[in-house]
Structures are given as C-alpha cells and as structure tokens.
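K.L.:
Here you go, one structure.
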Amino acid sequence: GLRMIVSGVPRIPEASVDSTAKNFHWGDLIQARIEAADRGAQNALLLGLDGNLAEGAGFNVFVVIDGQLQTPGKDCLHGITRRTVLEIAASEGIDAAVTDIPAAQLNKVSEIFITSSAGGVFAVTQLDDRQIGDGVIGTLTSKIRAEYWRRRLSAEWSVEVDYDNYCCKCVIKNIRF
C-alpha cells in the first residue's frame with residue numbers, strides 16, 4: 001500500500017475555487033506533494049480550512065471508521081471513480097456515507113484507500129508514521145477494488161472504442177476553417 005501524510009497545506013476553500021469541478025488550480029495540491037516527498041511519503045491528503053478531510057492531488061479518499069465507509073462531501077472533486085465506489089458500496093450492502101471527516105477521526109481508521117480514474121482503487125497502509133490496520137490492504141478495500149476492476153473490464157460496464165474507424169484524421173478532415 002501507499003505511504004501518505006496529512007499535509008499541513010490546507011485545501012483551497014470552495015469559496016475561492018469550486019473543487020467539485022475539474023480546474024487548473026493545483027497550487028495547494030503541488031505544495032502538499034512536495035511536503036510528502038520531503039517527509040518520505042508517496043503522497044498527501046489535504047484538509048479543508050475547517051479541519052475536515054478533503055482530497056489529494058488527482059484523487060479522492062475513502063476511510064473506514066467503525067465499519068462504515070466514509071468519503072468527504074466538500075472541498076473535493078466529485079469524481080467518477082468516487083461515484084463508482086459509492087455505487088459499488090450500495091450494490092454490495094456496504095454501509096457508506098458522504099460526510100465530514102474531522103482530522104482527529106483519522107486516528108480511528110481501520111482502512112484508507114484513494115480513487116482515481118487513471119488508476120482505480122489504491123490502498124493506503126501508512127498515514128504519517130502510523131500503520132493503518134494490519135499494514136496490508138484491508139478486507140473492505142480489497143472487496144471494493146476487485147468489484148471495481150470486474151466492472152471496469154466487463155462488457156456490461158464498458159464501451160469499446162474502435163480507434164481504427166474513429167481517429168483524429170476523420171474528425172479533423174470534417175472541420176471547416
């Protein structure tokens with residue numbers, strides 16, 4: 001799993017930049033990644049100005065606290081893979097909530113994972129200098145990751161793109177200047 005930190009760099013507030021939409025503001029996210037590298041971690045989680053868990057650079061975060069899967073509802077992109085994980089939780093009977101997650105609650109987590117469209121579901125096994133759970137991918141994370149990839153690779157949940165018959169040349173030749 002990943003080694004991560006909780007960054008001292010706060011996530012820019014939604015009053016300044018709408019984090020629920022993709023944007024080009026990454027100053028805080030890049031600063032947090034630099035801090036992570038300086039502290040020997042692979043990446044960083046950011047908190048909002050209110051002290052609640054937000055997101056990281058290019059990923060959403062999920063935690064398991066007292067058996068419940070939780071993800072932040074504000075100061076974060078409402079990503080496609082995040083939504084897919086919430087759909088998986090609902091279909092698998094996993095108790096899940098979109099909620100505020102105060103930084104103090106991170107001491108109670110038994111599992112953490114992050115999600116991104118490019119990579120899917122990644123387990124976090126160390127946060128700051130603390131091992132998460134048994135230090136290996138957790139049971140709930142494993143279950144969600146397996147179902148995510150089953151769906152992503154199945155014809156039922158995928159649309160094949162025929163690149164031989166739909167390419168940039170075909171699109172470009174139909175553009176009039």
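K.L.:
Within the stretch 1-57, which residues are part of a loop (DSSP other than H, G, I, E, B), farther than 21 Å from LYS74 by Cβ and either touching a His at 6+ places or on another chain (Cβ under 8 Å) or β-branched (Val, Ile, Thr) (or both)?
P.N.:
If the condition is that a residue be part of a loop (DSSP other than H, G, I, E, B), farther than 21 Å from LYS74 by Cβ and either touching a His at 6+ places or on another chain (Cβ under 8 Å) or β-branched (Val, Ile, Thr) (or both), then no residue fits.
K.L.:
Let me ask something else. Which residues, taken from the stretch 66-83, are part of a helix (DSSP H, G or I) and touching a residue at least 40 places away in the same chain (Cβ under 8 Å)?
P.N.:
THR81
K.L.:
Would you check which residues across the stretch 85-111 are touching a strand residue (DSSP E or B) at 6+ places or on another chain (Cβ under 8 Å) and in contact (Cβ under 8 Å) with a residue 60 or more places away in the chain and list them?
P.N.:
Of everything in the stretch 85-111, those that are touching a strand residue (DSSP E or B) at 6+ places or on another chain (Cβ under 8 Å) and in contact (Cβ under 8 Å) with a residue 60 or more places away in the chain turn out to be VAL85, ALA103, LEU106.
K.L.:
Another question, if that's okay. Which of the residues that make up the stretch 36-80 are aliphatic (A, V, I, L, M) and closer than 20 Å to ALA15 by Cβ?
P.N.:
LEU46, LEU47, LEU49, LEU53, ALA54, LEU77
K.L.:
Given the stretch 84-177, what strands (runs of 3 or more DSSP E) lie entirely inside it while holding 1 or more residues that are modelled with pLDDT of 95 or more, farther than 22 Å from ALA37 by Cα and open to solvent by 20 Å² or more (accessible area, probe 1.4 Å)?
P.N.:
Output list reads 96-98, 109-116.
K.L.:
Just one of (1) free of Cβ contacts under 8 Å to residues at least 12 places away in the same chain; (2) surrounded by 14 or more Cβ atoms within 10 Å (Cβ to Cβ); (3) aromatic (Phe, Trp, Tyr) trips up PHE24, so point out which.
P.N.:
Against the list (1) free of Cβ contacts under 8 Å to residues at least 12 places away in the same chain; (2) surrounded by 14 or more Cβ atoms within 10 Å (Cβ to Cβ); (3) aromatic (Phe, Trp, Tyr), PHE24 comes up short only on (2).
The values are calculated or read from the model by the stated rules, or taken from the named source; none is laboratory data. It should be emphasised that the depicted structure is a prediction, and the values quoted were computed from it without experimental measurement. Positions of Cβ are generated from backbone atoms using ideal geometry, with glycine treated the same way; all protein chains shown enter the neighbour counts. Surface accessibility is based on the protein's heavy atoms, side chains included, excluding ligands, DNA and RNA. Shrake-Rupley method; radii C 1.70, N 1.55, O 1.52, S 1.80 Å.
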